[in-house]
Amino acid sequence: MAESTTSTSSIPSVMKAAQQSNCGEIRNVLTLRDDVPVPRKLSAKQILVRVHAASINPVDWKLLNGNLSLVIHPSFPHIPGADVAGVVVDIGSGVKRFQIGDKVYGNLGVYAGGYAEYACGNESMFALKPKNLTMEEAAAVPLACETSYQALFNKISPPVGAGSKIFICGGSTATGFFAIQLAKAVGAQVATTCSQRNFQLLKKLGYTITENKDEINNDQQQQLLVIDYNEKDFGQELKGQNYDVVYDCVGGEQQWISAQQILKQGGQFITIVGDDTKSVVSLKSIATIGSSIINRKFWSVFSSTHHGYILHFLSQTPEDLDDIRTNYIETDKVKPLIDTVYDWRKDGVEALHLLYEKSKSGKAQGKLILKIADEE
Ligand SMILES: NC(=O)c1ccc[n+]([C@@H]2O[C@H](COP(=O)([O-])OP(=O)(O)OC[C@H]3O[C@@H](n4cnc5c(N)ncnc54)[C@H](OP(=O)(O)O)[C@@H]3O)[C@@H](O)[C@H]2O)c1
């Protein structure tokens with residue numbers, strides 16, 4: 001751990017922070033204020049972090065829109081934003097894992113608070129920041145990378161490992177490009193869907209792209225089979241190829257339909273989105289999702305193919321963020337890709353609005369970052 005370098009007396013009483021006044025359209029409900037109280041009262045297990053950078057995930061605009069308000073309802077005004085990287089500036093009396101001055105990254109969860117100069121959260125939401133990443137790069141990692149880490153290594157049984165054949169729907173999504181790297185790091189054979197415009201993005205990870213399944217050489221770990229989803233259906237293209245796992249980072253019923261054509265008998269389909277790509281939670285959608293999951297799980301037992309169906313949601317686990325740091329990021333096996341860094345010190349509230357709008361467009365080419373403070 002780092003030496004204590006920051007005095008708690010230098011923490012101001014107010015800060016700049018995003019303020020969400022209600023659920024609704026981005027530009028109607030999201031403002032930026034510079035008189036928001038800094039959360040100074042920490043419970044025993046909480047830490048206060050000077051936030052240097054934050055990132056956005058689709059769940060942030062889904063929450064802002066109110067898509068999830070049946071199950072998650074913050075009180076307003078609310079500070080959104082879950083993924084952060086920064087420096088610990090104060091700790092609660094029972095904090096064991098950190099001390100003042102530590103550089104950390106973490107995910108504050110659905111009640112958020114990250115788009116602010118200071119954010120507090122339970123110490124279990126954080127881990128030490130990877131040494132080889134900048135604050136902006138570190139903020140790009142927690143939610144997306146941990147979701148894919150858990151899907152591949154904790155939820156799938158047996159976990160994805162050496163020799164596994166995995167197909168990833170949406171290789172250019174943040175969860176998708178982390179999954180490609182995690183799977184490659186453990187020696188799996190990986191194929192993915194990605195539009196032509198994003199082939200270049202995957203090449204930035206050091207992969208050689210091939211669109212022809214017959215060109216795949218299992219000895220070449222840097223080779224990546226890519227299906228342009230605008231041109232071809234991956235189910236038809238790879239029919240009968242006996243994949244162990246299909247990991248869906250895109251959503252929609254078609255991913256499940258296509259997956260069944262390529263999975264081996266007993267292969268597993270794991271999705272982090274489900275059939276509804278907008279994730280609008282209503283009583284009707286809960287009933288529809290519930291019945292389709294029951295239906296798919298029933299057929300996973302009683303059909304001849306026994307294809308497993310898993311709907312996966314991230315659970316915040318500090319050990320996972322530690323493992324991602326030490327065994328994947330600091331060993332250069334996994335890295336984040338960044339699309340744009342928005343800076344509210346230069347562009348004010350427009351930086352926030354653009355951050356949300358780009359994420360909501362579904363066209364991000366890497367993570368979208370909010371820069372909040374310079375690195376010391
Ligand atoms: N369950 C969980 O715990 C959990 C956790 C994290 C994320 N998620 C969900 O997972 C989804 C992905 O999140 P993310 O942050 O990884 O996404 P993202 O980075 O915002 O995804 C953007 C990328 O998706 C690509 N894309 C869009 N439609 C596609 C399609 N039909 N096939 C292949 N690629 C497509 C876009 O490229 P082109 O359109 O140019 O091809 C773009 O590059 C979201 O719905 C999110 O809410 C769930």
Filtered residue count, region 12-39, keeping only those that are part of a loop (DSSP other than H, G, I, E, B) and either within 16 Å of Ala112 (Cα to Cα) or within 16 Å of the ligand (Cβ to nearest atom) (or both): 5
Ile257 vs. criteria surrounded by fewer than 16 Cβ atoms within 10 Å (Cβ to Cβ), within 16 Å of the ligand (Cβ to nearest atom) and either at pLDDT below 95 or over 21 Å from the mean Cα position of the chain (by Cα) (or both): yes
Lone qualifier among Leu48, Leu70 - being surrounded by fewer than 21 Cβ atoms within 10 Å (Cβ to Cβ), touching a helix residue (DSSP H, G or I) at 6+ places or on another chain (Cβ under 9 Å) and aliphatic (A, V, I, L, M): Leu70
Matching residues in region 361-376 - criterion: being of a type in the set (Lys, Arg) and crowded, with 18+ Cβ neighbours inside 10 Å: Lys367, Lys371
Close pairs from region 327-344: first in contact (Cβ under 8 Å) with a residue 12 or more places away in the chain and farther than 14 Å from Phe178 by Cβ, partner outside any loop (DSSP other than H, G, I, E, B) and among the acidic types (Asp, Glu), Cβ under 7 Å, at least 6 apart: Val341/Glu136
Meets criteria (over 18 Å from Ala174 (Cα atoms) and without any contact (Cβ under 8 Å) to a residue 40 or more places away in the chain) for Tyr111: yes
The one condition in (1) within 12 Å of the ligand (Cβ to nearest atom); (2) modelled with pLDDT under 90 that Pro336 fails to fulfil: (2)
Counted residues, region 230-250 - those being part of a strand (DSSP E or B) and within 15 Å of the ligand (Cβ to nearest atom): 3
Residue ranges of strands (runs of 3 or more DSSP E) in region 143-229 with at least 2 members closer than 30 Å to Gly109 by Cα and in contact (Cβ under 8 Å) with a residue 24 or more places away in the chain: 165-169, 189-193
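The values are calculated or read from the model by the stated rules, or taken from the named source; none is laboratory data. Quick caveat: nothing in here was measured; it's all calculated off a predicted structure. When we count neighbours, we look across all protein chains shown, and the Cβ atoms used for this are built from the backbone with ideal geometry, even at glycine.
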